[in-house]
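Read the figures in this text as sums done on the coordinates, not as results from a lab. Here the structure is a predicted model, which is why all the values come from computation and not from measurement. Ideal geometry is used to build each Cβ from the backbone, glycine not excepted, and the neighbour counts take in all protein chains shown.
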Amino acid sequence: MTTSKTWLATLPIGFADGFLRQWSGGKQSVWISGVECPVVGRVSQNMITVDVTAVDPIPSVGTKVEIAGGNFKVEDVIKACNNNCSEVTIMSGVMHSNYAQYRQTLWPKKLSQ
């Protein structure tokens, strides 16, 4: 439940793609249109939900999402998941591989076979 009007977006990435479950509940964010958007709720196997209220205009299907890259510092990622450097390094390889394959955009998205 929110205390004010809130816009949420569901993204087709989850812990199966390397987005750690420890990042649930606002411990990690993604970037949309240059705006940091925190994860809300739990990271599931194949999707996350993020708060996009601050993004103007509100994103729609096809909007690009930065899940890793220039706006992320390794130190912040390690702190957010309470893990060590080697686990984050392994996870980043999984995320890079999946990101390159699917080019994450807002849900729903038809994935080609």
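With θ taken as phi - 60° and the Karplus curve 6.51 cos²θ - 1.76 cosθ + 1.60 applied, the whole-hertz 3J(HN,Hα) list for the stretch 30-42 is 10, 10, 10, 6, x, 10, 6, 10, x, 5, 10, x, 9 Hz, x standing for glycine and proline.
A crude spin-label estimate for the pair residue 10 and residue 44, with each label 7 Å from Cα along the Cβ direction, gives 0.6 nm. Spacing of the modelled spin labels on residue 35 and residue 54, each 7 Å from Cα toward Cβ, amounts to 0.9 nm. Residues whose amide H comes within less than 5 Å of that of residue 19, counting only those at least five positions distant or on another chain, are 14 (H built at 1.01 Å from N in the peptide plane). Between residue 8 and 52, the built amide H atoms are under 5 Å apart, and every one of these is 5 or more places off in sequence or on another chain. Amide H contacts under 5 Å for residue 24: 43, restricted to partners 5 or more places along the chain or on a different chain, H placed in the peptide plane at 1.01 Å from N.
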